[in-house]
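The values are calculated or read from the model by the stated rules, or taken from the named source; none is laboratory data. Bear in mind the structure is a predicted one, so any value in this text is a computation, not a measurement. A quick note on method: Cβ atoms are made from the backbone with ideal geometry, for glycine too, and the neighbour counts reach across all protein chains shown. The protein model used for the area step is the full one, side chains on, heavy atoms only, and it has no ligands, DNA or RNA in it. Shrake-Rupley method; radii C 1.70, N 1.55, O 1.52, S 1.80 Å.
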Amino acid sequence: MTSDCEPDRRSWLVRNRMTLLSAGAVAAYAAFVEWFWGWPALLRQWSEIGFGAASSALMLLIATYFIRCYRIYDYFPNETSGRFLPLLRVTQVHNLLNIMLPFRAGETSFPLLMRSEFSVPLARGTAALLVMRLLDLHALLVVAVVGLVFGKASIALWIIWFAALVSPLLFFLLKDRTIALAHRLLPAKLEPVVDELEAGLPATLAAFLRAWGMTILNWAVKVIVLAWVLAFMGVAPLAACFGGALGGELSSVLPMHAPAGVGTYPAAIAAGAVSFGAPAGKAGLELLATAGVNAHLLIIVSAVAGTLLSMVLGKRR
């Protein structure tokens, strides 16, 4: 009897592993928020923003998770075809682990989850993640700098910005020559990195344009929403709002990421805003500290809500 139950139990665990992992990640995250901030305190701070504005920002941030998921869905068409909702849950668990774990340690979960759920080879999943992260970093910088360029109203700056915007396309068109040049010029110990980048690139120009377009759209929505929230909370000028959004998101993309972004995310928002023209006096820094914490809490709640939504949609498929 016991021997019959064991295979059934193992089979159930295998079938429901993503649901269990998702639920565990959400529970751990919710417990962490309660321990560090407290959900009542979070809701009180949001009441200062206003329910309508906070809800709109939250929905737009959750929408970016669908954009991210579609980028990966299109990146691995053979493996993920017809399985968008299971992929959404994978990407949300990966996102939660990325936020919770320090120094971007959660990134390692992506190739592992893709291999487990979609049979994507580990090397290919890792290479694709590396390319997507480079596109993310480029898009984040390009989108956030719009606030600074817009404030200057300089044609020369707009030309430089546009050149930076299309630089990944130029790289892709010249990828064979660029990779060959990198092999010749870079030290031998960096050749594996170059090989991984080559393996992670989309196979066709159309596939690259779709991935690039989804990346720009994702970060445009996220940065604009965060800049809007910061502006709503009194951060000025407009360039400082974009600078704050850039600083906060850079702190989450780069390795200097504390667990759940505690401390580092709001501090990076303040640093970015000051760098882009926000007042650096005592009153200005106090305002930036409050705005940074509220924006950070918005990111945290959107991650939890997005994962819960992916679990609900996954059960209805």
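Checking each residue in the range 194-210 for being farther than 15 Å from PRO77 by Cβ and charged (D, E, K, R) picks out ASP195, GLU196, GLU198.
Among the candidates ALA268, ALA278, the residue that is assigned to a helix (DSSP H, G or I) and either hydrophobic (A, V, I, L, M, F, W, C) or at pLDDT below 85 (or both) is uniquely ALA268. Of everything in the range 138-156, what is surrounded by 11 or more Cβ atoms within 10 Å (Cβ to Cβ), farther than 18 Å from ALA227 by Cβ and either small (Gly, Ala, Ser) or free of Cβ contacts under 8 Å to residues at least 24 places away in the same chain (or both)? Give them in sequence order. Correct list: SER154 only. Scanning the range 114-132 for residues that are in a helix (DSSP H, G or I), hydrophobic (A, V, I, L, M, F, W, C) and free of Cβ contacts under 8 Å to residues at least 60 places away in the same chain returns MET114, PHE118, LEU122.
Tallying residues that are farther than 23 Å from LEU298 by Cβ and either open to solvent by 20 Å² or more (accessible area, probe 1.4 Å) or among the hydrophobic types (A, V, I, L, M, F, W, C) (or both) within the range 51-85 yields 13. Here SER167 meets each of (1) touching a Leu at 6+ places or on another chain (Cβ under 9 Å); (2) at negative phi with one exception, condition (1). Considering only residues that are assigned to a helix (DSSP H, G or I), farther than 14 Å from GLY306 by Cα and at pLDDT 90 or above, which ones fall in the range 80-109? Passing the criteria: THR80, PHE84. Checking each residue in the range 162-217 for being loosely packed, with under 12 Cβ neighbours inside 10 Å and basic (Lys, Arg) picks out ARG177, ARG184, LYS189. Just for the range 235-265: of the residues that are closer than 23 Å to PHE32 by Cα, aliphatic (A, V, I, L, M) and open to solvent by 10 Å² or more (accessible area, probe 1.4 Å), which one is modelled with the highest pLDDT? That would be LEU250. Selection of the range 87-123 for residues being among the polar types (S, T, N, Q) and open to solvent by 30 Å² or more (accessible area, probe 1.4 Å) yields THR108, SER116, SER119.
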